[in-house]
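Heads up: the structure comes next, in C-alpha coordinates.
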Amino acid sequence: MYGQLTSDVPLGPFEGTTITVWSGQGKQAKLHATPSCSYLRSARGVERTVHLDAAVVGRMCPQCSTYGAWARPGTGLAVFLDTLTGLGLLYELDSFRDPEDAFEDEEIRHAAAVLYKPIADNPAVPAEQDNAEDDEDDTWEERQEAQRVRESVLRQWGEALASMHRTHRQLALFPWLRAWAGAALEAKAGYLRVLQEQAQLLVAESALLAATAAAAMTEPDVPADEPAFAPLGNPGEARRQLLSLWRRWCSAVEDSWDDPQQQTYVVHHLTDTMGSRRKGRDQMLERARAVVAGWEADVRAAAREKHDERIVVARLPRDAAERGFRRSLVDRLGEWELGVLASYTADAVWEPQSVITVRVPEPVAVRLLTQHHTLSYSEPETAEAEQPTAQSPADPRPATGSGVRPGVFDDTPVHSRRLVTGEYLRALRGMPSSCTWCSPLVAGLRSWR
(Lines give C-alpha, C1' and ligand atoms only; values in the text may rest on other atoms or scores of the structure.)
Protein backbone atom coordinates (compact mmCIF):
# COMPACT_ATOMS: atom_id res chain seq x y z
CA MET A 1 0.00 0.00 0.00
CA TYR A 2 1.30 3.44 -0.91
CA GLY A 3 2.91 5.61 1.76
CA GLN A 4 2.01 3.52 4.81
CA LEU A 5 3.46 4.81 8.07
CA THR A 6 5.59 2.37 10.05
CA SER A 7 6.96 2.63 13.54
CA ASP A 8 10.53 3.17 12.28
CA VAL A 9 9.69 6.65 10.90
CA PRO A 10 11.28 9.25 13.22
CA LEU A 11 8.53 11.62 14.34
CA GLY A 12 11.01 14.27 15.48
CA PRO A 13 9.41 17.29 17.14
CA PHE A 14 5.96 15.76 16.56
CA GLU A 15 6.73 12.91 18.96
CA GLY A 16 4.16 13.15 21.72
CA THR A 17 1.75 15.42 19.84
CA THR A 18 -1.83 14.53 20.73
CA ILE A 19 -4.15 13.25 18.02
CA THR A 20 -7.75 12.10 18.05
CA VAL A 21 -8.39 8.55 16.86
CA TRP A 22 -11.16 5.97 16.81
CA SER A 23 -10.77 2.30 17.72
CA GLY A 24 -12.56 -0.82 18.83
CA GLN A 25 -12.89 -1.90 22.45
CA GLY A 26 -9.68 -3.95 22.72
CA LYS A 27 -6.49 -2.48 24.18
CA GLN A 28 -4.52 -3.40 21.06
CA ALA A 29 -7.27 -2.60 18.57
CA LYS A 30 -6.25 -0.82 15.40
CA LEU A 31 -6.44 2.98 15.46
CA HIS A 32 -8.41 4.82 12.78
CA ALA A 33 -8.35 8.41 11.57
CA THR A 34 -12.12 8.51 11.08
CA PRO A 35 -15.08 6.63 12.55
CA SER A 36 -16.32 5.95 9.00
CA CYS A 37 -13.26 3.89 8.03
CA SER A 38 -14.40 0.63 6.41
CA TYR A 39 -11.72 -1.22 8.40
CA LEU A 40 -13.37 -0.20 11.68
CA ARG A 41 -15.64 -3.22 11.94
CA SER A 42 -16.94 -2.57 15.41
CA ALA A 43 -20.19 -0.61 15.54
CA ARG A 44 -19.11 0.67 18.93
CA GLY A 45 -16.02 2.60 17.89
CA VAL A 46 -14.55 4.67 20.69
CA GLU A 47 -13.05 8.13 20.27
CA ARG A 48 -9.69 8.49 22.00
CA THR A 49 -7.00 11.14 22.38
CA VAL A 50 -3.52 9.60 22.26
CA HIS A 51 0.06 10.83 22.14
CA LEU A 52 1.73 10.20 18.77
CA ASP A 53 4.63 7.79 19.17
CA ALA A 54 6.03 4.60 17.63
CA ALA A 55 3.48 2.43 19.42
CA VAL A 56 0.58 4.48 18.09
CA VAL A 57 2.00 4.40 14.56
CA GLY A 58 2.34 0.63 14.85
CA ARG A 59 -1.37 0.34 15.66
CA MET A 60 -2.57 2.59 12.84
CA CYS A 61 -5.06 1.07 10.44
CA PRO A 62 -3.19 0.37 7.13
CA GLN A 63 -5.78 2.27 5.09
CA CYS A 64 -5.90 5.26 7.42
CA SER A 65 -2.11 5.18 7.77
CA THR A 66 -1.82 5.76 4.03
CA TYR A 67 -4.78 7.98 3.23
CA GLY A 68 -6.26 9.16 6.51
CA ALA A 69 -6.39 12.75 7.80
CA TRP A 70 -5.03 12.45 11.34
CA ALA A 71 -4.89 16.15 12.17
CA ARG A 72 -6.82 19.33 11.51
CA PRO A 73 -6.07 20.47 7.93
CA GLY A 74 -3.45 23.19 7.73
CA THR A 75 -1.72 22.42 11.04
CA GLY A 76 1.96 21.60 11.22
CA LEU A 77 1.13 17.99 12.12
CA ALA A 78 -1.22 17.69 9.14
CA VAL A 79 1.47 19.03 6.79
CA PHE A 80 3.91 16.49 8.26
CA LEU A 81 1.61 13.48 7.94
CA ASP A 82 0.23 14.48 4.53
CA THR A 83 3.77 14.88 3.22
CA LEU A 84 4.70 11.44 4.48
CA THR A 85 1.71 9.35 3.45
CA GLY A 86 -0.25 8.59 0.28
CA LEU A 87 1.89 9.48 -2.74
CA GLY A 88 4.21 11.49 -0.52
CA LEU A 89 7.67 10.95 0.92
CA LEU A 90 7.26 7.29 1.93
CA TYR A 91 6.04 6.44 -1.55
CA GLU A 92 8.85 8.39 -3.23
CA LEU A 93 11.53 6.76 -1.08
CA ASP A 94 10.26 3.36 -2.16
CA SER A 95 10.09 4.27 -5.87
CA PHE A 96 12.77 4.27 -8.60
CA ARG A 97 15.42 2.54 -6.51
CA ASP A 98 15.74 -1.05 -7.75
CA PRO A 99 18.18 -1.59 -10.68
CA GLU A 100 16.53 -4.96 -11.28
CA ASP A 101 13.59 -3.03 -12.75
CA ALA A 102 15.84 -1.76 -15.55
CA PHE A 103 16.44 -3.45 -18.90
CA GLU A 104 19.22 -6.02 -19.17
CA ASP A 105 22.50 -4.68 -20.57
CA GLU A 106 22.35 -7.13 -23.48
CA GLU A 107 18.92 -5.84 -24.46
CA ILE A 108 20.23 -2.26 -24.32
CA ARG A 109 23.24 -3.07 -26.50
CA HIS A 110 21.04 -4.82 -29.07
CA ALA A 111 18.62 -1.89 -29.19
CA ALA A 112 21.52 0.54 -29.64
CA ALA A 113 22.93 -1.52 -32.52
CA VAL A 114 19.55 -1.48 -34.27
CA LEU A 115 19.05 2.24 -33.75
CA TYR A 116 22.50 3.13 -35.09
CA LYS A 117 22.15 0.93 -38.18
CA PRO A 118 21.84 3.13 -41.30
CA ILE A 119 18.66 2.81 -43.35
CA ALA A 120 19.40 0.96 -46.56
CA ASP A 121 18.36 2.49 -49.89
CA ASN A 122 15.85 0.61 -52.03
CA PRO A 123 17.59 -1.71 -54.54
CA ALA A 124 17.71 -0.51 -58.10
CA VAL A 125 17.27 -4.04 -59.57
CA PRO A 126 13.53 -4.91 -59.75
CA ALA A 127 14.18 -8.63 -59.15
CA GLU A 128 15.61 -7.82 -55.74
CA GLN A 129 12.78 -5.53 -54.63
CA ASP A 130 10.42 -8.29 -53.37
CA ASN A 131 13.06 -9.70 -51.02
CA ALA A 132 14.00 -6.18 -49.97
CA GLU A 133 10.39 -5.45 -49.00
CA ASP A 134 10.27 -8.56 -46.77
CA ASP A 135 13.54 -7.56 -45.13
CA GLU A 136 12.22 -4.02 -44.70
CA ASP A 137 9.19 -5.31 -42.79
CA ASP A 138 11.41 -7.28 -40.41
CA THR A 139 13.75 -4.33 -39.99
CA TRP A 140 10.85 -1.99 -39.30
CA GLU A 141 9.50 -4.23 -36.52
CA GLU A 142 12.98 -4.61 -35.03
CA ARG A 143 13.50 -0.87 -35.11
CA GLN A 144 10.10 -0.22 -33.53
CA GLU A 145 11.05 -2.48 -30.64
CA ALA A 146 14.43 -0.74 -30.24
CA GLN A 147 12.70 2.65 -30.20
CA ARG A 148 10.31 1.35 -27.55
CA VAL A 149 13.26 0.31 -25.38
CA ARG A 150 14.90 3.72 -25.81
CA GLU A 151 11.72 5.63 -25.06
CA SER A 152 11.10 3.51 -21.96
CA VAL A 153 14.63 4.01 -20.61
CA LEU A 154 14.62 7.78 -21.22
CA ARG A 155 11.18 8.17 -19.70
CA GLN A 156 12.13 6.06 -16.70
CA TRP A 157 15.26 8.17 -16.18
CA GLY A 158 13.24 11.38 -16.35
CA GLU A 159 10.65 10.08 -13.90
CA ALA A 160 13.36 8.88 -11.52
CA LEU A 161 14.94 12.34 -11.71
CA ALA A 162 11.61 14.00 -10.90
CA SER A 163 11.07 11.56 -8.03
CA MET A 164 14.46 12.45 -6.56
CA HIS A 165 13.54 16.13 -6.86
CA ARG A 166 10.24 15.59 -5.06
CA THR A 167 11.92 13.53 -2.35
CA HIS A 168 14.43 16.25 -1.51
CA ARG A 169 11.77 18.95 -1.60
CA GLN A 170 9.77 16.99 0.95
CA LEU A 171 12.79 16.22 3.13
CA ALA A 172 13.66 19.94 3.19
CA LEU A 173 10.50 20.51 5.23
CA PHE A 174 11.52 17.97 7.88
CA PRO A 175 15.34 17.87 8.19
CA TRP A 176 15.34 15.29 11.00
CA LEU A 177 14.21 12.69 8.44
CA ARG A 178 17.36 13.04 6.30
CA ALA A 179 19.54 10.54 8.18
CA TRP A 180 16.69 8.02 8.29
CA ALA A 181 16.14 8.41 4.51
CA GLY A 182 19.85 8.17 3.66
CA ALA A 183 19.89 4.51 2.54
CA ALA A 184 16.84 4.98 0.31
CA LEU A 185 18.36 8.10 -1.25
CA GLU A 186 21.56 6.19 -2.04
CA ALA A 187 19.51 3.45 -3.71
CA LYS A 188 17.58 6.01 -5.76
CA ALA A 189 20.82 7.71 -6.81
CA GLY A 190 22.28 4.34 -7.86
CA TYR A 191 19.22 3.55 -9.97
CA LEU A 192 19.47 6.98 -11.61
CA ARG A 193 23.09 6.22 -12.57
CA VAL A 194 22.12 2.87 -14.10
CA LEU A 195 19.37 4.47 -16.18
CA GLN A 196 21.65 7.29 -17.31
CA GLU A 197 24.35 4.85 -18.45
CA GLN A 198 21.73 2.98 -20.47
CA ALA A 199 20.33 6.20 -21.92
CA GLN A 200 23.79 7.31 -23.02
CA LEU A 201 24.09 4.10 -25.08
CA LEU A 202 20.73 4.66 -26.76
CA VAL A 203 21.03 8.34 -27.72
CA ALA A 204 23.70 9.19 -30.29
CA GLU A 205 25.57 12.44 -29.76
CA SER A 206 25.60 12.94 -33.53
CA ALA A 207 21.79 12.96 -33.55
CA LEU A 208 21.62 15.53 -30.75
CA LEU A 209 24.13 17.74 -32.57
CA ALA A 210 22.27 17.34 -35.85
CA ALA A 211 19.06 18.40 -34.10
CA THR A 212 20.91 21.41 -32.70
CA ALA A 213 22.12 22.34 -36.17
CA ALA A 214 18.59 22.03 -37.55
CA ALA A 215 17.29 24.38 -34.85
CA ALA A 216 19.88 26.97 -35.94
CA MET A 217 19.14 26.75 -39.69
CA THR A 218 18.01 29.79 -41.58
CA GLU A 219 15.42 29.65 -44.33
CA PRO A 220 17.03 27.96 -47.38
CA ASP A 221 16.68 28.69 -51.05
CA VAL A 222 14.29 26.16 -52.58
CA PRO A 223 14.15 25.09 -56.27
CA ALA A 224 10.51 26.10 -56.70
CA ASP A 225 10.86 26.78 -60.44
CA GLU A 226 12.09 23.28 -61.33
CA PRO A 227 9.77 21.28 -63.64
CA ALA A 228 9.62 18.44 -61.09
CA PHE A 229 7.63 20.68 -58.75
CA ALA A 230 5.14 21.84 -61.40
CA PRO A 231 2.40 19.54 -59.89
CA LEU A 232 2.46 21.82 -56.84
CA GLY A 233 1.27 24.78 -58.89
CA ASN A 234 3.00 27.94 -60.10
CA PRO A 235 6.50 28.76 -58.77
CA GLY A 236 5.08 30.98 -56.02
CA GLU A 237 2.81 28.21 -54.72
CA ALA A 238 5.60 25.63 -55.10
CA ARG A 239 7.93 27.83 -53.07
CA ARG A 240 5.34 28.21 -50.33
CA GLN A 241 4.84 24.45 -50.10
CA LEU A 242 8.57 23.67 -50.18
CA LEU A 243 9.25 26.14 -47.38
CA SER A 244 6.38 24.58 -45.45
CA LEU A 245 8.09 21.22 -46.02
CA TRP A 246 11.36 22.64 -44.71
CA ARG A 247 9.68 23.98 -41.56
CA ARG A 248 7.96 20.65 -41.00
CA TRP A 249 11.25 18.79 -41.49
CA CYS A 250 13.14 21.20 -39.19
CA SER A 251 10.52 20.84 -36.48
CA ALA A 252 10.75 17.06 -36.65
CA VAL A 253 14.56 16.98 -36.59
CA GLU A 254 15.26 19.63 -33.97
CA ASP A 255 13.16 17.93 -31.27
CA SER A 256 14.28 14.37 -31.92
CA TRP A 257 17.02 11.98 -30.84
CA ASP A 258 16.74 10.11 -34.18
CA ASP A 259 19.06 10.48 -37.14
CA PRO A 260 17.70 13.13 -39.56
CA GLN A 261 17.28 10.40 -42.17
CA GLN A 262 14.33 9.13 -40.12
CA GLN A 263 12.36 12.28 -41.03
CA THR A 264 12.40 11.83 -44.81
CA TYR A 265 8.76 10.72 -44.68
CA VAL A 266 7.70 14.39 -44.43
CA VAL A 267 8.01 14.72 -48.23
CA HIS A 268 4.64 12.94 -48.58
CA HIS A 269 2.91 15.97 -47.12
CA LEU A 270 3.56 17.67 -50.48
CA THR A 271 0.92 15.40 -52.04
CA ASP A 272 -1.84 16.61 -49.70
CA THR A 273 -2.93 19.31 -52.16
CA MET A 274 -2.69 17.08 -55.26
CA GLY A 275 -5.89 15.15 -54.59
CA SER A 276 -6.25 12.12 -56.85
CA ARG A 277 -3.90 13.48 -59.50
CA ARG A 278 -1.05 11.04 -60.18
CA LYS A 279 0.75 12.70 -63.07
CA GLY A 280 4.23 13.79 -62.04
CA ARG A 281 3.69 12.64 -58.45
CA ASP A 282 6.54 10.10 -58.26
CA GLN A 283 9.02 12.43 -59.96
CA MET A 284 8.04 15.25 -57.61
CA LEU A 285 8.53 13.05 -54.51
CA GLU A 286 11.88 11.77 -55.78
CA ARG A 287 13.15 15.33 -56.30
CA ALA A 288 11.76 16.40 -52.91
CA ARG A 289 13.68 13.57 -51.24
CA ALA A 290 16.83 14.85 -52.89
CA VAL A 291 16.16 18.35 -51.56
CA VAL A 292 15.60 16.98 -48.05
CA ALA A 293 18.77 14.91 -48.39
CA GLY A 294 20.64 18.15 -48.98
CA TRP A 295 19.29 19.57 -45.73
CA GLU A 296 20.27 16.34 -43.98
CA ALA A 297 23.80 16.64 -45.34
CA ASP A 298 24.08 20.19 -44.00
CA VAL A 299 23.11 19.28 -40.43
CA ARG A 300 25.26 16.14 -40.47
CA ALA A 301 28.25 18.20 -41.57
CA ALA A 302 27.66 20.58 -38.67
CA ALA A 303 27.33 17.62 -36.29
CA ARG A 304 30.71 16.23 -37.38
CA GLU A 305 32.57 19.41 -36.48
CA LYS A 306 34.73 19.42 -33.35
CA HIS A 307 33.42 21.60 -30.55
CA ASP A 308 34.68 22.70 -27.17
CA GLU A 309 32.72 21.65 -24.12
CA ARG A 310 30.82 24.10 -22.00
CA ILE A 311 29.16 23.82 -18.59
CA VAL A 312 25.52 24.84 -18.20
CA VAL A 313 23.27 24.44 -15.17
CA ALA A 314 19.56 23.66 -15.21
CA ARG A 315 17.00 24.21 -12.46
CA LEU A 316 14.09 21.87 -12.01
CA PRO A 317 10.86 23.86 -11.69
CA ARG A 318 9.26 23.99 -8.27
CA ASP A 319 6.00 22.55 -9.56
CA ALA A 320 7.87 19.41 -10.63
CA ALA A 321 7.84 18.55 -6.93
CA GLU A 322 4.06 18.65 -6.78
CA ARG A 323 1.68 15.90 -7.74
CA GLY A 324 -1.72 16.68 -9.18
CA PHE A 325 -3.49 17.06 -12.48
CA ARG A 326 -0.68 18.92 -14.25
CA ARG A 327 1.45 17.25 -16.89
CA SER A 328 4.46 15.51 -15.40
CA LEU A 329 7.96 16.88 -15.85
CA VAL A 330 8.78 14.14 -18.37
CA ASP A 331 5.69 14.93 -20.43
CA ARG A 332 6.75 18.58 -20.62
CA LEU A 333 10.31 17.77 -21.74
CA GLY A 334 10.74 17.32 -25.48
CA GLU A 335 12.77 14.42 -26.88
CA TRP A 336 15.83 16.54 -27.58
CA GLU A 337 15.92 18.21 -24.16
CA LEU A 338 15.38 14.92 -22.35
CA GLY A 339 18.10 13.29 -24.47
CA VAL A 340 20.54 16.12 -23.72
CA LEU A 341 19.93 15.88 -19.97
CA ALA A 342 20.30 12.11 -19.91
CA SER A 343 23.41 12.15 -22.10
CA TYR A 344 25.34 15.07 -20.62
CA THR A 345 24.37 15.35 -16.94
CA ALA A 346 27.59 15.49 -14.93
CA ASP A 347 26.29 16.34 -11.46
CA ALA A 348 23.12 17.12 -9.54
CA VAL A 349 22.68 19.11 -6.33
CA TRP A 350 19.27 18.73 -4.71
CA GLU A 351 19.33 21.26 -1.87
CA PRO A 352 18.52 24.06 -1.31
CA GLN A 353 17.32 23.94 -4.91
CA SER A 354 17.46 21.11 -7.45
CA VAL A 355 20.20 22.10 -9.90
CA ILE A 356 21.58 19.83 -12.63
CA THR A 357 24.99 20.48 -14.18
CA VAL A 358 25.46 19.42 -17.81
CA ARG A 359 28.73 19.38 -19.75
CA VAL A 360 27.73 19.86 -23.38
CA PRO A 361 29.26 20.75 -26.77
CA GLU A 362 29.27 24.49 -27.49
CA PRO A 363 26.35 24.48 -30.00
CA VAL A 364 24.16 22.58 -27.53
CA ALA A 365 25.04 25.09 -24.80
CA VAL A 366 24.10 28.00 -27.07
CA ARG A 367 20.75 26.43 -27.85
CA LEU A 368 20.04 25.72 -24.17
CA LEU A 369 20.87 29.29 -23.19
CA THR A 370 19.16 31.15 -26.03
CA GLN A 371 15.99 29.20 -26.79
CA HIS A 372 12.94 28.49 -24.64
CA HIS A 373 12.92 25.12 -22.86
CA THR A 374 11.03 23.42 -20.06
CA LEU A 375 13.91 23.88 -17.61
CA SER A 376 15.69 27.14 -16.87
CA TYR A 377 19.32 27.13 -18.06
CA SER A 378 22.11 29.55 -17.15
CA GLU A 379 25.86 29.92 -16.83
CA PRO A 380 27.36 28.53 -13.59
CA GLU A 381 28.35 32.01 -12.34
CA THR A 382 24.78 33.24 -12.76
CA ALA A 383 23.45 30.19 -10.97
CA GLU A 384 25.72 30.77 -7.97
CA ALA A 385 24.70 34.43 -7.77
CA GLU A 386 21.02 33.44 -7.68
CA GLN A 387 21.39 30.92 -4.86
CA PRO A 388 19.50 31.84 -1.67
CA THR A 389 21.51 34.16 0.56
CA ALA A 390 22.04 33.87 4.27
CA GLN A 391 19.16 34.50 6.61
CA SER A 392 18.44 38.14 7.32
CA PRO A 393 15.74 40.03 9.23
CA ALA A 394 14.12 40.93 5.92
CA ASP A 395 14.07 37.24 4.89
CA PRO A 396 13.06 35.37 8.05
CA ARG A 397 13.38 31.78 6.87
CA PRO A 398 13.49 28.86 9.28
CA ALA A 399 16.98 28.27 10.65
CA THR A 400 18.86 25.34 9.10
CA GLY A 401 17.62 22.08 10.50
CA SER A 402 14.30 23.42 11.81
CA GLY A 403 11.71 22.66 9.14
CA VAL A 404 7.97 22.67 9.76
CA ARG A 405 7.42 21.98 13.46
CA PRO A 406 4.59 21.93 16.02
CA GLY A 407 3.24 25.41 16.62
CA VAL A 408 3.03 26.28 12.93
CA PHE A 409 -0.63 26.92 11.97
CA ASP A 410 -1.71 25.34 15.31
CA ASP A 411 -4.03 26.77 17.96
CA THR A 412 -1.30 26.53 20.57
CA PRO A 413 -0.57 29.00 23.38
CA VAL A 414 1.02 32.18 22.06
CA HIS A 415 4.44 31.39 23.53
CA SER A 416 4.47 28.06 21.61
CA ARG A 417 3.54 29.46 18.21
CA ARG A 418 6.08 29.85 15.41
CA LEU A 419 6.50 32.48 12.73
CA VAL A 420 4.70 31.54 9.51
CA THR A 421 7.25 31.88 6.72
CA GLY A 422 7.35 31.43 2.98
CA GLU A 423 8.69 27.91 3.43
CA TYR A 424 5.63 26.96 5.46
CA LEU A 425 3.28 28.49 2.92
CA ARG A 426 4.97 26.52 0.15
CA ALA A 427 4.42 23.42 2.28
CA LEU A 428 0.71 24.21 2.37
CA ARG A 429 0.58 24.66 -1.41
CA GLY A 430 2.31 21.29 -1.80
CA MET A 431 -0.33 19.46 0.24
CA PRO A 432 -2.49 16.93 -1.64
CA SER A 433 -5.32 18.37 -3.70
CA SER A 434 -7.78 16.42 -1.54
CA CYS A 435 -7.16 18.99 1.21
CA THR A 436 -8.77 21.84 -0.71
CA TRP A 437 -11.76 21.70 1.63
CA CYS A 438 -9.72 23.08 4.53
CA SER A 439 -10.48 26.35 6.29
CA PRO A 440 -10.78 29.70 4.41
CA LEU A 441 -7.59 30.87 6.13
CA VAL A 442 -5.60 27.93 4.77
CA ALA A 443 -7.22 28.32 1.37
CA GLY A 444 -6.07 31.95 1.36
CA LEU A 445 -2.54 30.97 2.34
CA ARG A 446 -2.47 28.47 -0.52
CA SER A 447 -2.77 31.30 -3.05
CA TRP A 448 -0.01 33.37 -1.45
CA ARG A 449 2.93 34.26 -3.68
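The values are calculated or read from the model by the stated rules, or taken from the named source; none is laboratory data. In this text the structure is predicted, and so the values were computed from the model without any measurement. With ideal geometry, Cβ positions are generated from the backbone for all residues, glycine too; neighbour counts draw on all protein chains shown. Accessible surface areas use protein heavy atoms only, side chains included; no ligands, DNA or RNA. Shrake-Rupley method; radii C 1.70, N 1.55, O 1.52, S 1.80 Å.
Y39 contributes about 100 Å² of solvent-accessible surface, heavy atoms of the protein only, 1.4 Å probe. Between H373 and H268, full extension at 0.36 nm per residue minus the direct alpha carbon distance yields a gain of 34.8 nm. Sparse packing (at most 13 other Cβ atoms within 10 Å of the Cβ) combined with a DSSP loop state is found for the following GluC sites (Glu not before Pro) in region 269-306: E305. Just so you know, the averaged projected area of the alpha carbon convex hull for region 45-92 sits at 3.8 nm².
Computed from the alpha carbon positions, the gyration tensor of region 329-374 leads to an equivalent ellipsoid with semi-axes of 17, 14, 11 Å, biggest first. Restricting the GluC sites (Glu not before Pro) of region 22-122 to loop positions (DSSP other than H, G, I, E, B) with no more than 16 neighbouring Cβ atoms within 10 Å leaves E104.
Taking each residue as 0.36 nm, the span from A216 to Q28 lengthens on full extension beyond its C-alpha to C-alpha distance by 60.8 nm. Of the GluC sites (Glu not before Pro) found in region 139-216, not one falls in a DSSP loop while having at most 16 other beta-carbon atoms within 10 Å. Between the amide H of V203 and any residue lying 5 or more places away or on another chain, no distance stays under 5 Å, with hydrogens modeled in the peptide plane. Between T18 and L87, the FRET efficiency estimated from the beta carbon spacing at R0 = 25 angstrom works out to 0.40. Here region 288-321 is scanned for amide nitrogen atoms under 18 Å from the site 7 Å beyond the Cα of E226 along Cα-to-Cβ, giving 288-299. If you wrap region 190-331 in the convex hull of its Cα atoms and look at it from every side, the mean projected area works out to 12.6 nm². Here's the list of lysines a cross-link from K117 could span, going by alpha-carbon distance under 24 Å and ignoring same-chain residues fewer than 8 apart: K306. Binning all Cα-Cα separations of region 157-269 at 5 Å, short to long from zero, yields these whole-percent fractions: 2, 10, 13, 12, 11, 9, 8, 7, 7, 6, 5, 4, 3, 2, 1, 0.
Given R0 = 22 Å, the distance between the Cβ atoms of R318 and D347 translates into a calculated FRET efficiency of 0.60.
The slack between S328 and A183, meaning 0.36 nm per residue of separation minus the straight C-alpha distance, is 49.6 nm.
Legend: P(r) of region 13-61 from all alpha carbon pair distances, 10 Å bins from 0, whole percents, reading 28, 57, 14, 1. Sequence-ordered 3J(HN,Hα) estimates for region 259-267 from the Karplus curve with 6.51, -1.76 and 1.60 and θ = phi - 60° stand at 5, x, 4, 5, 9, 4, 4, 4, 4 Hz, glycine and proline given as x. Separation between the R248 and R359 pseudo-spin-labels, each 7 Å from Cα along Cα→Cβ, expressed in nm? Taking the two extended label points, one gets 4.2 nm.
Report the label-to-label distance for D308 and E142 in nanometres (one decimal), using points 7 Å from each Cα along the Cα→Cβ vector. For D308 paired with E142, the spin-label model returns 4.3 nm.
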